[in-house]
1. Would you list which lysines come within 30 Å of LYS109, measuring only between C-alpha atoms, while excluding same-chain residues fewer than 8 positions from it?
2. Mind checking the per residue accessible area of the chain for me, 1.4 Å probe, whole number of Å²?
3. May I ask for the net charge around PRO52, where only other residues with Cβ less than 9 Å from the Cβ of PRO52 are counted and Lys, Arg are +1 while Asp, Glu are -1?
4. Ignoring ligands, DNA and RNA, what percent of the accessible area of segment 119-218 is carbon or sulfur (1.4 Å)?
5. Probe radius 1.4 Å, ligands and nucleic acids ignored: give me the carbon and sulfur share of the accessible area of segment 24-113 as a rounded percent.
6. May I ask you to list the residues of segment 2-18 whose amide nitrogen lies under 16 Å from a point 7 Å from Cα along the Cα→beta-carbon direction of GLN44?
7. What residues qualify as long-range amide H neighbours of LEU6, i.e. H under 5 Å apart, gap of 5 or more or another chain, H built at 1.01 Å from N?
8. Which of the peptides 119-125, 162-168 is most tightly packed, and how do the rest follow, going by the mean number of other Cβ atoms within 10 Å of each residue?
Amino acid sequence: MAAKFLTYGDVVIQGSDLHSLEGRNYLNDTIIDFYFAYLSATYQSNEILSIPTSVSFLLGNTLDWDIFISTIESLNLPEKKLIFFVVNDNSNVSSSGGSHWSLLVYCRKRNLFMHYDSLSTMNSESAFTLYESVNGYINYEPAEFMECRTPRQNNGYDCGLYVMETARVIYEHYCNVDQFRSKDEISGPINVMRSVKSKYVEFNMRSEMLQLIHGLKQEQINSR
């Protein structure tokens, strides 16, 4: 049985999960879910919902109508102003896998689904499938889908980090700018090109994530 390293909200990080933050490893879903839980705890907005990776995958790929309806109704999507979905290019619901992560974000003030992909349009089909699945359950007025400019990764393994950093930038923009604007003052997608720095993502973010997780672990130990 894998050794539990840290419980953070509803996310349980095993010691083996930390390996995905080392070297040139592909980030696993647990690390991504942890970071979204961390963003949620940091910004503490009832208007924002980060959907776990497994739930995003289910909504975009399940063929079981009853499971889809019960899942999407449990999320209370019409009550949220900003919703994050993590997209994976695996479409086989009977097996785990996939080789690329990207980010799909719904903004109610824009009534727009924004897809951010660090490999251009590699996940476009998967993202659009997810968009088509959930579009009718978020707003009475159908939303549009837009591919948004995203800094391009320079390797084949840092896509998960780009998802996390792009999400942080969007969280920050929404909480510091968008929530104080009316619908009439907002147009176009959220621009992340200046704020998501490839050099930081590819050379510093892994070590900072490990430091963050170890720091939270130490805080839990000290509070006992």
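1. Within the straight-line cut-off, LYS109 pairs with LYS80, LYS81, LYS183, LYS197.
2. Numbers: 11510 Å² over 224 residues.
About 51 Å² of surface per residue is accessible.
3. The answer is -3.
4. Result for segment 119-218: 47 percent of the exposed heavy-atom area is carbon or sulfur.
5. Answer for segment 24-113: carbon and sulfur cover 47 percent of the accessible area.
6. It comes to 9, nothing else.
7. HN-HN under 5 Å from LEU6: ILE13.
8. 162-168, 119-125
The values are calculated or read from the model by the stated rules, or taken from the named source; none is laboratory data. On a predicted model such as this, the values are computed, not experimentally measured, just so you know. Positions of Cβ are backbone-derived with ideal geometry, glycine not excepted, and every protein chain shown enters the neighbour counts. Note: accessible area is taken over every heavy atom of the protein model, side chains too, but ligands, DNA and RNA are not part of it. Shrake-Rupley method; radii C 1.70, N 1.55, O 1.52, S 1.80 Å.
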